[in-house]
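Taking it in order: structure first as structure tokens, then the write-up.
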Amino acid sequence: MTDWNRRDMLRLGSVAAAGALCPRLEAAPTSRSGSRKKGLCITTKSKHWAQRLEAVKAHWFYSWGSNIPQGIPKGVDFIPMIWGYWGNDESIAKAGAAAKAAGIDTLLGFNEPDQKSQANMKLEKALKAWPLLMKTGLRLGSPGCVHPDNDWMKGFMAAAKQRKLRVDFVCVHSYGGANPDALIKRLHNIHKMYGKPIWITEFAVGDWDAKSPEQNRHRPGAVLKFMEKVLPRLEQLDFIERYAWFPAGQNNNALGTSALFDPSGKLTRLGEFYRDF
């Protein structure tokens, strides 16, 4: 599989077209092992996406869109997303109907509306569109902001509460350093701030100043130690319902040392730990 830059991956998954009605997904077998919280955020543009879900024994995934892909492995839940809003009322309704027909009960909100290169939505536009997501009757994850504790997100959650708009859980993106204590503290603060369960819909360890993978100050061993310490703590926190690692390629300057796979598709040491957890 080609090594993807994070923003390139998100752009490939940026079309929020509604999924056509699909056959009901196959029931999950009871034999799948590992954490029920563990998932992956991965574009289905790659022909190897299903194998990668199997490789890390993910229990759920999403692909930044609402279309339900064919070939989902048994025992893996797909969670659709409404990436953004451009007056596409009918497509949102169809996405909700497709999800229900497939036995899916959850829908993720807008992708990084506080980022110009992503959904890039003004706060009022997102608030006006939110009732369309509510009409699907699905459990709703909040917009997944670049910073879940910034002014955009605080404004959205405060206005949603005032207008009695339903937000069932908060989506968190995190690409900080290799400090598990800092991440856990931040998650506690976000939970206290909004009083909602949390899904970590994107996370990895990132060095956004790195000019090459070799210059990344977070070496693979340090990222592995971070994962070894943080995953058990995420399991222990009742308010953390699910989490999804972002599987950047090893050639990614900022996130390459957080790669789960090498260029040939073989699991890295980090990927092996994620698989076995």
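Figures for the structure shown
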{"item": "Taking the chain and dividing mean pair separation by its residue count, relative contact order in percent (alpha carbons under 8 Å, at least six apart)", "result": "19"}
{"item": "Under the Karplus curve 6.51 cos²θ - 1.76 cosθ + 1.60, θ = phi - 60°, whole-Hz ³J(HN,Hα) for segment 254-263, x wherever Gly or Pro sits", "result": "7, 10, x, 7, 9, 5, 8, 10, 8, x"}
{"item": "Partners for K100 among lysines (Cα-Cα distance below 25 Å; same-chain residues under 8 apart left out)", "result": "K37, K38, K45, K57, K74, K128, K135, K164, K196"}
{"item": "Structure-derived Kirkwood radius over Cα pairs in Å: which label, when the choices are (1) 18.0; (2) 18.8; (3) 21.6", "result": "(2)"}
{"item": "Per-residue HN-Hα couplings for segment 161-166 [Karplus 6.51, -1.76, 1.60; θ = phi - 60°; Hz; x = Gly/Pro]", "result": "5, 5, 8, 6, 8, 8"}
{"item": "Computed [θ] at 222 nm, helices only, for the chain once each DSSP H run of length n ≥ 4 contributes -39500 (n - 2.57)", "result": "-10000 deg cm²/dmol"}
{"item": "Prolate/oblate/rounded call for segment 52-146, Cα gyration tensor, a/c under 1.5 rounded", "result": "oblate"}
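FYI, it's all coordinate maths here, none of it is from the lab. Keep in mind that what you see is a predicted model, and the values were worked out from it rather than measured.
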